[in-house]
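Everything on this sheet refers to the single structure shown next.
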Amino acid sequence: MSDHPRIGARRGHTVEVDLAHWPGVDHDALPEERRAQYLRRRKAVEMYLSGASEAELKEATGMPRSNVYRIIVDRCLSQHPDGTLMGWRGALPFFRVTSYRRKSAPKVLANSRGGAVGALQWLFESPGGADIESRFREHIVGKVPKLGAAKRPKQELFAWFIKELRAAGFEARGEWPFNVEKLGYVSICKFIDKVMDENPRRQRQLLGGREAERKARASDGADRPLLRVFQRVECDAHKLDSRMVVAIPSPHGDYETRTIRRLWVIVIIEVESRAVLGYHLSLHPECNAEDVLRTVKRALTRWAPRELLWSGNAYVDGAGLPSAHHERYLGACWDEFSVDGAMANICDRVERQLREVVGSTILKPQDPTSYTSRRSKDDRPFIESFFGQLAKGGFHRLSTTTGSRSADKRGADPDRAASDTQFQLEYAEELLDTLIANYNARPHSGLGYRSPLAQLDFLTNREPERIRRADAGDVQRMVGIRKLCTLKGGISTGRRPFFQFANARYSAEWLALRTDLLGKLLWLQLEDEDDARLASVSNERGEFLGVVRAAPPWNRSPHTLYMRQAIRALDKRRKLHLTSQCDAVDELIRYAEGSKGKKLPPHPAYLEARRVLQKHAKELAGQPMLAQGGATHPAPAAVVAEAQPVCATDKQRRPLPPMEMAKTW
């Protein structure tokens, strides 16, 4: 037998009452008068269930036994709308435990707003009303509007409901809501809100969109897994909110400026230390797999500070990336690669290099065990926070900023500011490098005011065995394209053996002596992603056979496959003309610098060419003349000069303005 008291219900059976399991209330939150009334009711309920008499109840609480019985049976033992027992909530004064239900047809009073209380509930309970209610509920929580479409207002839902009532004959019979002034608009809108509140997930999708629904599902971080150093990194791309220009040599002398409108920076950040391991500035309109791999490669290779054009002391003490901070971080690998669902991040090319070179797995959006499956900013909080600091502490402080939203411009003209201040691409690259290097050396509030580099040292000193290092040779080749190609040619015709690879022909003198390789499949790989002129050849057994060189017009200047693809596209559109006697990269530069419509932004392949040729010129500058003379088809001096920043090629004639000019313009 149970020790809990039992009370007789109205339908002839008894109910066991367990006060210990009744949902409680915060009676201290009530006004003093209602609080005292609630406490009297609570005491009366406890006395009634303990067997107190009528006189005892009257003396202690002033309430008759019948009233206490009604409070227990009709209120406290009823069901709450959330599906649980009402409990002590039923003892609250002025607390409605059941909604109002009309028992007779609504009669609207003349010259009055009264007489229609509960009319909508009466309508739904009338013949045919239940079907209208179910269809109206389905219509309220119907399909989510398409991306960019306006959200459905209540007026649209109200109009649909009135149309259905007319079709059902309510207007012809003169019934509610057609016998009131506003057609029951307020009551119908309250019902719409009620249905939406009953479907919170759908409500967020309809009112806030997919992003609001994803954000609501994100946790507060308390249940995030405990990670170790170099266990997980976060990677994402961020569009730089700034305008900048490139200086293009003019055929009339001097230079002309073209505005760049869209650049991306891709960053890899180590989760436990918050240290940025590497970054890459993409000059492409959209990020691709090559940009992601370049970022990974930079995170695994040694970082070196730049020779700044706009400042001599922009780097703070200890600034840098981990690969330059300590030798043990050079080539340090991680276990998990946390990204969003962009195809550039999760494609087979990136996944293979991460698995084979880094020993890392991608946390894909399809993985239900990963908290990155929702593709929300809250799933990668550390890198999103870093991007906020990068913008707020750097590019948003410039007069050339576009802001994160169109409203951030506040009447400013970033295009004009970029042109007037001559804020060039080279400045943006240097500013980005110093901001990231300084971030790693500055105290971080989330790390107990240690810097990310100091936190990384602290964690790795505790677990030195956690650091795995990638093979330097594999890292060097990870961005390069490799493909299985057939060696073509003919012995009887004397046709020189060649490979058709990446929109160009590749050949070499040693291939003419290897007639045994004709018709066989061989592996070709670009060793340097910034120089597609040379490719290594190996057979399917893994034996290295030699190096082949691209045929004209691709054999003179260093270039990337992206540049080659863009040049081929321009050639097909008759924008430029390629011959075996020309330099394809030189033709691209001539087209970009001599094209009509000077207000158009420069072609992204032109920006890539500037970067590649500038890098090649620096490499040649550090070699002795004998080594330079042995280089295969070095880039023309004029082309290299055009790729240099204006201030680096002709400081005295046209110096770049100082960085402070861009800040205060």
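Data overview
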| quantity | calculated |
| --- | --- |
| So residue 511, is it assigned to a helix (DSSP H, G or I) and over 23 Å from residue 263 (Cα atoms) | yes |
| Qualifying residue in the range 150-173 (condition: within 30 Å of residue 338 (Cα to Cα) and at pLDDT below 70) | no |
| Of all residues in the range 264-285 being under 15 Å from the mean Cα position of the chain (by Cα) and free of Cβ contacts under 8 Å to residues at least 40 places away in the same chain, the one that is nearest to residue 449 (Cα to Cα) | 268 |
| Contacts under 8 angstrom Cβ, first residue in the range 458-469 being within 11 Å of residue 328 (Cα to Cα) and in contact (Cβ under 8 Å) with a residue 40 or more places away in the chain, partner part of a loop (DSSP other than H, G, I, E, B) and among the small types (Gly, Ala, Ser), 6 or more apart | 468/359; 469/331 |
| Among (1) in a helix (DSSP H, G or I); (2) hydrophobic (A, V, I, L, M, F, W, C); (3) closer than 18 Å to residue 194 by Cα; (4) without any contact (Cβ under 8 Å) to a residue 60 or more places away in the chain - the single one residue 57 does not satisfy | (3) |
| Failed criterion for residue 443 (all others in (1) within 29 Å of the chain's Cα centre (by Cα); (2) over 30 Å from residue 508 (Cβ atoms); (3) surrounded by 13 or more Cβ atoms within 10 Å (Cβ to Cβ) hold) | (3) |
| The listed residue being in a loop (DSSP other than H, G, I, E, B), touching a helix residue (DSSP H, G or I) at 6+ places or on another chain (Cβ under 9 Å) and not assigned by TED's automatic domain parsing to the domain that holds residue 349, out of 540, 527 | 527 |
| Whichever residue in the range 446-503 is at positive phi and part of a loop (DSSP other than H, G, I, E, B) and, among such residues, is surrounded by the most Cβ atoms within 10 Å (Cβ to Cβ) | 502 |
| Residue match in the range 72-83 (condition: touching a Phe, Trp or Tyr at 6+ places or on another chain (Cβ under 9 Å), in a loop (DSSP other than H, G, I, E, B) and exposed (fewer than 14 other Cβ atoms within 10 Å of the Cβ)) | no |
| Cβ-Cβ under 7 Å pairs, at least 6 apart or on other chains, the range 120-133 side assigned by TED's automatic domain parsing to the domain that holds residue 189, far side part of a helix (DSSP H, G or I) and among the acidic types (Asp, Glu) | 124/133; 132/164 |
| Test: residue in the range 516-523 that is exposed (fewer than 15 other Cβ atoms within 10 Å of the Cβ), out of contact with any His (no Cβ under 7 Å at 6 or more places or on another chain) and within 24 Å of residue 580 (Cα to Cα) | no |
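The values are calculated or read from the model by the stated rules, or taken from the named source; none is laboratory data. Quantities reported herein were computed from a predicted structural model and do not represent experimental measurements. Heads up, the Cβs are rebuilt from the backbone with ideal geometry, glycines too, and the neighbour counts pull from every protein chain shown.
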